[in-house]
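Written out below as structure tokens is the structure these notes cover.
Values in this text are rule-based calculations from the coordinates and carry no lab data. Keep in mind the model is a prediction, meaning the values are calculated, not measured. When we count neighbours, we look across all protein chains shown, and the Cβ atoms used for this are built from the backbone with ideal geometry, even at glycine.
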Amino acid sequence: MRNHIIVVDDESMYRQLYARVLRDAGFAVREAESAEEALRLISQEAPAMVISDVRMPGENGLDLLRRSRRDHSSLPFLLVTAYADVRGAVDALKLGAVDYLAKPVDLDELLAVVRDTLGVDPGESIEIPPAALHGIITESPAMRAVLRDAYRVADSEATVLLIGESGSGKEVVAQFIHRHSPRRDRPLVAVNCAAIAPTLLSSELFGHEKGAFTGAVAKRKGYFREAHESTLFLDEIGDMPLELQASLLRATETGRITPVGGDHEIEIDCRLIAATNRRLDEDVAAGRFRQDLYYRLNVITIEIPALRDRPEDIVPLARHFLNQTKTENKRLSRAAIQALLAHDWPGNVRELANAMSHVRLLSQTDVILPEHLPAAVRKGVIKVRPPMQTAVATPADSKTLEQQEYDAVVAALKQTGGNRTRAAEILGITRRGLIYKIKRLGLD
């Protein structure tokens, strides 16, 4: 059957997420939670393609691939795994798999592989309904891609890990996901793990019984129970003490928690969104973060670009923060805009918001000049026009920055045979960052 795909995964959140993304793209999808069930579906009606997890109880994805080859020698297979297993990838490709993706799967890459395999024209990309972006200030293609992924996963129950520098907008994206989820009728519960003393964090998350410890004069529900039938947003998850991570892992795996001082488990139903400004993979390697919890949180990863990597957003955001009421009508001069664009914004959107608060409070004019900006931002004006160079440019120098970037990306993709993950490693950027560049440079 044309464009009919079977998705195989023993974990329902992965299976349902891939199925939903594929259905939204126009594919017919059937789901199987085991290799045995997938073989039964294949025998009933041969699909156009199979997408299967590798590690599953009983027969795994490679077993499914081998067995299906007996009667369907040309059936395309895309294998997915949470484990970086190079040997498994080689075995899969030798058996005829079209590709091998590692979890968390980039949804754009998943769709690209499926479309390339089936020869389907992507046509017009699915855009977020304008009403869904109410209250979101962005003109950046990079941030639009982030929001598109967030919108895609919002309707699922999948755990989401948001990665980005402090102040880049992780909580805004978490709120966006919750606002478009089936749990939208209950308030999102947000917790900053770094802002709570490690000795109190267990009690704050899981609650406590009266008298459980000195000062526990009353029973406390805890954030997990407050987020029952809603969404729990754990910000700065990388700062959670190692000894508490085991309890969080159990809560995410079983849907049950035990309050501090309690003697029985309580069932909870909440969707988890976590965020961090740290490299959790490096923390795992250093023993600072549990690997099993990392895999549990890392179902879907969304990387939020720093403000300096989405300059299209700087001026619209500045204007938004500058005029917070309908009676205000301050505007940025050209020189002030140049200063804003020249600044690196190490504090990201939070720093920009604070800078505009500074301007609103201290400027006595409706036209904002560079001297009205905070000192750290004013310094950027110096960077706008570097001194003229008198040396004769070499051919390499004569290329624009965009041309050099284009050449570097093309060379990396050629070197890796089009494998985006390996090309990103060569370029020293994330796979998500490479996908942004491919789209921006017109290399799709």
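Below, the figures for the structure above:
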item: Two-site FRET efficiency, ASP281 against LEU369, from Cβ-Cβ distance with R₀ of 56 Å, rounded to 0.05; result: 0.80
item: Among beta bridges that DSSP assigns inside the chain, antiparallel share in %, nearest 5; result: 10 percent
item: log₁₀ of I(q)/I(0) at q = 0.16, 0.20, 0.24, 0.25 Å⁻¹ - the stretch 6-70, Debye sum with one point per alpha carbon; result: -0.46, -0.72, -1.00, -1.07
item: Highest to lowest packing among 15-26, 163-174, scored as the average C-beta count within 10 Å; result: 163-174, 15-26
item: Stokes-Einstein D for the stretch 325-384, Kirkwood Rh over Cα pairs, 25 °C, 0.890 mPa s (µm²/s); result: 211 µm²/s
item: 5 Å binning of all Cα-Cα separations within the stretch 4-118, expressed as whole percents from 0 upward; result: 2, 13, 26, 28, 22, 8, 1
item: Sum of -39500 (n - 2.57) over DSSP H runs of 4+, divided by residues of the chain (222 nm, nearest 500); result: -12500 deg cm²/dmol
item: Extension gain, LEU200 back to GLU229 (0.36 nm per residue minus Cα-Cα distance, nm); result: 8.0 nm
item: Förster-model FRET efficiency, 41 Å R0, GLU11 and LYS330, C-beta, rounded to 0.05; result: 0.20
item: Gain upon complete extension [LEU341, VAL410; 0.36 nm per residue less C-alpha separation]; result: 22.0 nm
item: The chain: relative contact order as a whole-number percent, Cα under 8 Å and 6+ apart; result: 12 percent
item: Net length gained if the chain between ASP269 and GLU109 were fully extended (0.36 nm per residue, minus Cα distance); result: 54.5 nm
item: Cβ crowding within 10 Å averaged over residues, with 100-110, 186-196 ranked highest first; result: 100-110, 186-196
item: Highest to lowest packing among 343-349, 329-335, 232-238, scored as the average C-beta count within 10 Å; result: 232-238, 343-349, 329-335
item: Loop GluC sites (Glu not before Pro), the stretch 298-370, which have at most 10 other Cβ atoms in a 10 Å radius of their Cβ (DSSP); result: GLU328
item: Cα-based Kirkwood hydrodynamic radius, the chain, one decimal, Å; result: 24.7 Å
item: Pairwise FRET efficiency - GLU243 versus HIS72, Cβ, R0 = 35 Å, nearest 0.05; result: 0.10
